[in-house]
Amino acid sequence: MNENIQQIHDEVENMPFSQRLFRGELTDTQIIAYMCNQYFIFQAMEHGLFNLPHRSLYRCRKIKECIEEMGETIDGKWMALATQDYVNYIIGAEDYREKWMSHVYLNYMAMLMGGSIIAEKNPEMRWMWFFENRSECIKNIRAEEIDFDQVHEGFKYHRRMLEELNNVE
């Protein structure tokens, strides 16, 4: 990871909402709001013009199942304004595969690399973070051309989203 990306990655990782997520301290409502926002982000990538680099990467069904296990449904009322902006940005990136793939890299690698830690502390989300063929997924994503300026842009949307989710009680 280059220095510019590492810095914003660390900022996002150290945000209060992220830290509570890592420690398993979110309320059920916060967990549902987080998963709904993740669902909308992944939906933008999974229903676009391009296919993901591995069939095991698809998350929408798994996120939906986690939310349903908690007795809830996917609901737009939880969508942060930053998430809506990011979804629009991802959809707008579909005209250029490298740009779009950079958001795949950011979002799926985050789940692949940090998911087991989060799932351990948040069993409600365990299926959201489970990947068959994990190492193959990582290898296929890393084989793609990535625009790290786009990864940085994606992190800025995530930072805004987490600031908004921090206000969910």
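Sorted largest first by accessible area at a 1.4 angstrom probe radius, with every protein chain in place, the residues I74, I32 fall in the order I74, I32. 3J(HN,Hα) couplings calculated from phi for segment 7-19 with the Karplus curve 6.51 cos²θ - 1.76 cosθ + 1.60 (θ = phi - 60°) are, in sequence order, 5, 6, 4, 5, 4, 5, 5, 9, 5, x, 4, 4, 5 Hz; Gly and Pro show x. Spatial offset of segment 98-169 relative to segment 18-41 amounts to 13 Å, using the alpha carbon center of each. For the chain, the longest principal axis of the alpha carbon atoms and the long axis of helix 148-165 meet at an angle near 10°. In sequence order, segment 115-126 has phi-based couplings of x, 5, 5, 5, 4, 5, 8, 10, x, 4, 9, 4 Hz under the Karplus curve 6.51 cos²θ - 1.76 cosθ + 1.60, θ = phi - 60°, and Gly or Pro positions carry x. Note on segment 47-112: Cα convex hull, mean projected area over all directions, 5.1 nm².
Quick check: from the Cα gyration tensor, does the chain come out rounded (a/c under 1.5), prolate or oblate? It is rounded, given that a/c, with a ≥ b ≥ c, falls under 1.5. The helix-based estimate of mean residue ellipticity at 222 nm for the chain, built from -39,500 (n - 2.57) per DSSP H run of four or more residues and divided by its residue count, is -21500 deg cm²/dmol to the nearest 500.
In plain terms, the C-alpha convex hull of segment 93-169 casts an average shadow of 6.1 nm² when viewed from every direction.
The figure for T27 is an accessible area of roughly 60 square angstrom, using a 1.4 Å probe on the protein chains alone. Could you work out how far helix 81-92 tilts from the main Cα principal axis of the chain, as a 0 to 90 degree angle to the nearest 10? Roughly 30 degrees, rounded to the nearest 10.
The values are calculated or read from the model by the stated rules, or taken from the named source; none is laboratory data. Predicted model, so just to flag it, every value in this text is computed and none were measured. For accessibility, only protein heavy atoms count, side chains too; no ligands or nucleic acids. Shrake-Rupley method; radii C 1.70, N 1.55, O 1.52, S 1.80 Å.
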